[in-house]
Each structure stands twice: as structure tokens, then as C-alpha cells.
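Data block below; observations after.
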Amino acid sequence: MSVRKITEYPEKVLAKIGKPVEVFDDELETLCADMFETMYAAEGVGLAAQQIGLSLRLFVMDCEGVKLVAANPEIIAEEGEQTSQEGCLSIGKVPAVVVRAEKAVLRAQNSKGEWFEREAEGYAARCFQHETDHCDGKLFIDHLPKMRRDMVVKRFTKEKKWK
Ligand SMILES: [Zn+2]
């Protein structure tokens, strides 16, 4: 297992729709193990393939007891609304308030290719939505009004310069 380098905004791969995962083999298991390792090292609760530079519909998460690998993820149902702060490892964890569905049902394949459905609420549901967005080439800042989006990007760019 190894910790991979995290892809940061505005690298192009983050804005591209990922390719479907078609092969469920040992290589994919290793990739998922690396993604978990990378996510834990960065103290994140979710990580999509885009965030290590791969244009693939794949993410891993470990958030409030919901630990899973999701290949070819889709949000098939949503309910309610939640408004709270969100951040992204690819944008230096600069936080911003994002409105999301309070409950979400995720449909995806595990690392063996078996389909499953999982329901979550609160923070874990937010994570489903954030990571599925990554697979569709979408970032959390794409949900923000332009002015707030610019503020997040500006702060991220500034903090990066000091590192
Ligand atoms: Zn993210």
C-alpha cells in the first residue's frame, strides 16, 4: 500500500467525467487500498479517484461508521435538506456552506463488482453526494454562488503559496 499524491484544484482531471470501472481485479483492490491509505493520511472522510489523478468513477469513504468502496456510483434517491460546512482535500479543506440532501441512497458496485444500495443521512449522506459529484467531474465549489466560490479559490491559492 502507498499514499498517493493528492490532485489539487484547478487540475483538469477534477473537472472531467470519470470513465466507468469495468475490471474488478487485484489491481482495483490495490488501488482502493491506496485510496484509503491516502484518505486517512490526509485526515479526510472520502476520496475519489479524480483526487489521485485518475479519471475513473470510483471513490472510497469512511464517514460516521459508513466505510465503503463505491465503483460506478449513483445517487438514486434524495430526501430533505441540510445546510452545513463542507471542504475538499483537493481544495485545501477550505470550508464553505453547501446545501445538500439530508438523506441519500447510494447505488454502486463494491471492489468485487457486486451491486449494493446504501442509505445514509447527515454527514455520511453529504459524503455520498460530494464523492459522487467528483466522479461526475464536479466539485463542491460548483454548488456555490460565484462570489463565494471565488472566495474559496482565492483563500486556497493564498494558503498554497505559503506552504
Ligand atoms: Zn472532494
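Read the figures in this text as sums done on the coordinates, not as results from a lab. As the structure is a computational prediction, the values presented were derived from the model and not from experiment. Every residue, glycine as well, gets a Cβ built from its backbone with ideal geometry; the counts of neighbours run over all protein chains shown.
How far, in nm, would the chain grow between residue 24 and residue 8 when pulled straight, counting 0.36 nm per residue and subtracting the alpha carbon separation?
Value of the extension gain: 3.1 nm.
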### Task
Would you please state the base-10 log of I(q)/I(0) at q = 0.14 1/Å for the chain, with intensities from the Debye formula using one equal scatterer on every alpha carbon?
-0.67
### Task
Putting +1 on Lys and Arg Cβ atoms and -1 on Asp and Glu Cβ atoms, find which of 54, 111, 70 reaches farthest to the positive end of the dipole of the chain.
54
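What's the local net charge at residue 153, with K and R +1, D and E -1, over the other residues with C-beta under 12 Å away? The partial results should precede the final answer.
Values: positive: 146, 148, 149, 154, 155, 158, 160; negative: 8, 142, 150, 159.
Net charge in that neighbourhood comes out at +3.
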### Task
Using a 10 angstrom cutoff on alpha carbons, build the Gaussian network for the chain and name the most mobile of 128, 59, 140.
140
### Message
Let me spell out the model: positive unit charges on the Cβ of Lys and Arg, negative unit charges on the Cβ of Asp and Glu, origin at the Cα centre of the chain. What dipole size does that give, in debye rounded to 20?
### Response
1100 debye
### Query
Separation of region 32-81 and region 135-155 by C-alpha centroid, Å?
19 Å
#### Entry: Spatially close lysines, pair count over region 124-163: Cα under 22 Å, gap of eight or more or interchain
7
### For residue 80, net neighbour charge (Lys/Arg +1, Asp/Glu -1) across residues whose Cβ lies under 13 Å away
-3
### Query
Taking the alpha carbon gyration tensor of region 116-157, what are the square roots of 5 times its eigenvalues, largest first, to the nearest whole Å?
25, 11, 8
